[in-house]
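Undergrad: I'd like to ask you about the structure that follows.
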Amino acid sequence: MQYRKFGPLDFQVSILGLGAMRLPLQDPHDEGSIDEAQATAMIHYAIDHGVNYIDTAYPYHKGMSEVVVGKALQGTYRERAKVATKLPTWLLEACEHPEKYLREQLKRLRRDHVDFYLLHALDRNRWETVLKCRVLEWAEQAKARGDIGYLGFSFHDDLATFKRIIDTYPFTFCQIQYNYLDVDFQAGQEGLRYAASKGLAVVVMEPLKGGQLVRLPEEVRRRLAATGRNWTPAAWGLLWLWNQKEVTTVLSGASTMRELEENIETASFAHEGILRPEDLVALEEARRILRGIAPIPCTTCHYCLPCPQGVNIPFVFGLYNRVFQFRDLEGARRTYFHFLRPEERPENCVECGVCEERCPQKIPIREELKKVQDFFQRSSQEAM
Ligand code: SF4
Ligand code: SF4
């Protein structure tokens, strides 16, 4: 295992962290039914191979992720890994007191403190709520009492919001979605570099785009193989991240022991600068091929936003593209129906046309939104 300095702290974190959000299940239809024996074996294996950062959150696996992580980190494993968990900021809208969540989390985790505590999934609205409800003042007190070690945030919104959050409060670390396809998505590469330049540790989530970068089309696989590198698609995705010095640690959301073993093996030889210029060119081409397969030529530049009705145009288009780029109908459908907020849905479009005037790709956005909406509605009826 390799280690990197965790932002301003005197802590060397393993470049691979374990994200406990896709643990093995007993019942594939029930997120809460973690196969505890297998999950515990994976957590112990990771720690035995040098992983010292375990990431969980209040809602993962219907609350069972924190419970299973808490149990797995008993006894001899207790002090060998730091635990990160997250405050569910979307539950604070009525300025509900955060303390009750922290108390519940400490109980689930069987600990008297959380090493790393994140404000979960901040976007511009939740950041407003955090400020309005004085959550940061509460977090300062929790830190002073020793209940929280260090404070960070995970993020899902645009670059300007990301920078504003970093400029407003001295967080120790942040967690962003970042991979070789999503270079300009949300915080993106510019956000990564901005956070690092301000001294924050940067934890990367979704390094393989939720497993999509493992299911690469044949054409992309061939292009990567032409470099002469004998790497799997997962290794390519991880090495692209570790090649960048601004990346502090990368969370593996492995759901099998085999995936975890492979990620750990890759972490054993990864280092900054491992990619040769020809490797980077191959990844550029992989990105171009993947974008070319996409039926809607959206580059996720975000120029069309904000939509006055709140429709999250690039995200909706991204889900549709995902079905064809990665043959991932099931994952796209789940995200469309369960993670897209009500105001972000295409049915809110009133066809004002403002977005189309701003789109550099000249996409007929109104028409495409209707197509996407119909597609997912039809696919959900067929699945029933
Ligand atoms: S046309 Fe629809 S999606 Fe575009 S800005 Fe207007 S309401 Fe939003
Ligand atoms: S402006 Fe066009 S290309 Fe850019 S995110 Fe919006 S729809 Fe996609």
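Undergrad: In whole Hz and in residue order, list the ³J(HN,Hα) couplings for the range 333-338 that follow from phi through the Karplus curve 6.51 cos²θ - 1.76 cosθ + 1.60, θ = phi - 60°; x for Gly and Pro.
TA: After applying 6.51 cos²θ - 1.76 cosθ + 1.60, I find 5, 4, 5, 4, 8, 10 Hz.
Undergrad: Taking amide H positions as placed in the peptide plane 1.01 Å from N, state which residues far from residue 148 in sequence (5 or more) or on other chains have amide H under 5 Å from it.
TA: 114, 143
Undergrad: Please report how far the C-alpha centroid of the range 331-384 lies from that of the range 44-65, rounded to the nearest whole angstrom.
TA: Using only Cα atoms to place each centre, the spacing works out to 34 Å.
Undergrad: For a 24 Å ceiling on Cα separation, which of these pairs sit above it: 143/209; 86/163; 143/198; 62/245?
TA: Over 24 Å Cα-Cα: 143/209; 62/245.
Undergrad: Using amide H atoms built in the peptide plane, which far-off residues or other-chain residues are under 5 Å from residue 34 H to H?
TA: Counting only residues 5 or more places away or on other chains, the set is 26.
Undergrad: Step through the residues of the range 10-26 one at a time and calculate ³J(HN,Hα) from phi using the Karplus curve (6.51 cos²θ - 1.76 cosθ + 1.60, θ = phi - 60°), rounding each to whole Hz and writing x for Gly and Pro.
TA: After applying 6.51 cos²θ - 1.76 cosθ + 1.60, I find 8, 9, 9, 9, 5, 5, 10, x, 9, x, 8, 10, 10, 6, x, 10, 7 Hz.
Undergrad: Same structure, new question: Quick test of your reading: applying the under-4.7 Å Cβ rule, which cysteines of the chain are isolated?
TA: Cysteines lacking a close Cβ partner in the chain: 174, 298, 301, 307, 349, 352, 359.
Undergrad: Restricting to the chain, what percent of DSSP beta bridges are antiparallel, rounded to 5? Please report the intermediate quantities before stating the final value.
TA: Details: 4 of 32 bridges.
If I count the DSSP bridges inside the chain, around 10 percent turn out antiparallel.
Undergrad: In the range 167-246, which trypsin sites (Lys or Arg not before Pro) fall in coil by DSSP and have 12 or fewer other Cβ atoms within 10 Å?
TA: Those that pass, being in a loop and sparsely packed, are 245.
Undergrad: Can you tell me how the range 313-383 classifies by the Cα gyration tensor, rounded, prolate or oblate, using a/c under 1.5 as the rounded cut?
TA: Cα axes put the range 313-383 in the prolate bin.
Undergrad: Hey, what do the phi angles of the range 190-196 turn into as Karplus ³J(HN,Hα) couplings, whole Hz, using 6.51/-1.76/1.60 and θ = phi - 60°, x for Gly and Pro?
TA: Here the 3J(HN,Hα) series is 5, x, 4, 5, 5, 4, 5 Hz.
Undergrad: So, counting K/R as plus one and D/E as minus one, what does the shell of residues with Cβ under 14 Å around residue 323 add up to?
TA: +3
Undergrad: Another question about this same structure. Considering amide H positions built from the backbone, and no H for Pro or chain starts, which residues 5 or more places from residue 119, or on another chain, come under 5 Å of its amide H?
TA: Those lying under 5 Å, H to H, from residue 119 are 87, 152, 153, 154.
Undergrad: Please give the net charge around residue 49, taking every other residue with its beta carbon less than 10 angstrom from that of residue 49, where Lys and Arg add +1 and Asp and Glu add -1. Walk me through the numbers before you get to the answer.
TA: Values: positive: none; negative: 48, 261, 265.
Around residue 49, the surrounding residues sum to -3.
Undergrad: Report for the range 1-145 the percent antiparallel among DSSP-assigned beta bridges with both residues inside it, nearest 5.
TA: Details: 4 of 13 bridges.
Antiparallel bridges make up about 30 percent of those DSSP assigns within the range 1-145.
Undergrad: State the dimensionless ratio Rg/Rh of the range 3-281 (Rg: radius of gyration of Cα atoms; Rh: Kirkwood radius).
TA: 0.96
Undergrad: Please compute the net charge surrounding residue 310, taking Lys and Arg as +1 and Asp and Glu as -1 over other residues with Cβ under 12 Å from its Cβ.
TA: Neighbourhood net charge equals -1.
None of the figures in this text is laboratory data; all of them are computed from the coordinates on show. Note that the structure is a prediction, hence the values are computed from the model and not measured. Note that each Cβ is placed from the backbone with ideal geometry, even for glycine, and that neighbours are counted across all protein chains shown.
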